[in-house]
Structures are given as structure tokens and as C-alpha cells.
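Some notes on the structure that comes next.
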Amino acid sequence: MVLTIWIPSPWLAALCFFLIGAGPMLWVISTTTLRQAVTPSHALGRVSAIMVTATSGSRPVGAAIGALVGATYGAETCIVVAALGFLVQAALILTSPVPHLARQPEVVG
């Protein structure tokens, strides 16, 4: 989406909106499947409730930050800040031990 600032193309914007729509769906499906596979059945309801609360609860915070940045600095800056946020998330995930795990660690306790 950031590229549309410098390359204003309806096709690029359409591709971005498609990826913005499809990406989260794939993320939700894969993380839900993983969570259900590794969570003991007696805790699955609580774990799912925490995930729904955390993800749904963070949306208004993100919307407020986006509104503040957009109103103060403009839509283009808001898009760049959002992209930087996604890059930080990706860097945290890729530099964590998680991508290098060969198997799930044993539960302690």
C-alpha cells in the first residue's frame, strides 16, 4: 500500500486491498489451527477467549492511533506508520526462537 503513494495505480491499490483482505484470513486460519493443536482441550475455551479479547480489544486502540496520525500528519504518513508497525512485528517474529523450533517445547510444571 505504501507504494501507491509514489505509484498511484488502481491496479496496485486493488492488489493491496486483496492482500489486506486475504492475509489476515490466512493468518487467523493458521494460528487458530496451531492453537487448537497445541492447547490442551480443557484450556481451549479460555485460550480462545483470551485471543479474541486481545485481538478485538486492540482494534479500537489501533484505530485511535491511526486517526490521530492521519488527522495530524495526513493519510500518507498514516500508511507509512502502519507499514512500519507491520515491519516491526515481522522483525520480532523472525528474530525470535519460534521460527527455528523443530518441535514444540515440553510443558514445564
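Only the coordinates and a few stated rules stand behind these numbers; no lab work does. Everything numeric in this text was worked out from a predicted model, so none of it was measured. Here the Cβ is made from the backbone with ideal geometry for all residues, glycine too, and neighbour counts use every protein chain on show.
Across segment 64-77, coupling constants 3J(HN,Hα) worked out from phi with the 6.51/-1.76/1.60 Karplus curve, θ = phi - 60°, read 5, 5, x, 5, 5, 5, x, 6, 7, 10, x, 5, 4, 5 Hz, and Gly and Pro carry x.
Counting beta carbons within 10 Å around each of Met1, Met25 and listing the fewest first gives the order Met25, Met1. Using only the C-alpha atoms, the convex hull of segment 3-97 corresponds to 117 Å³ per residue. Residues Leu26, Leu12, ranked from the fewest to the most other C-beta atoms within 10 Å, line up as Leu26, Leu12.
A helix-only calculation puts the chain at -26500 deg cm²/dmol for mean residue ellipticity at 222 nm, using -39500 (n - 2.57) for each DSSP H run of at least four residues, averaged over all residues. Our coupling estimate for segment 14-26, obtained by passing each phi through the Karplus curve with A = 6.51, B = -1.76, C = 1.60 and θ = phi - 60°, is 4, 4, 4, 5, 5, 5, 5, x, 7, x, x, 5, 5 Hz, Gly and Pro reported as x. Fewest-first ordering of Trp27, Trp6 by other beta carbons within 10 Å of each residue's beta carbon gives Trp6, Trp27. Computed 3J(HN,Hα) for segment 46-57, one whole-Hz value per residue from the Karplus formula 6.51 cos²θ - 1.76 cosθ + 1.60 where θ = phi - 60°, is 5, 5, 5, 5, 5, 5, 5, 5, 5, 6, 5, x, glycine and proline marked x.
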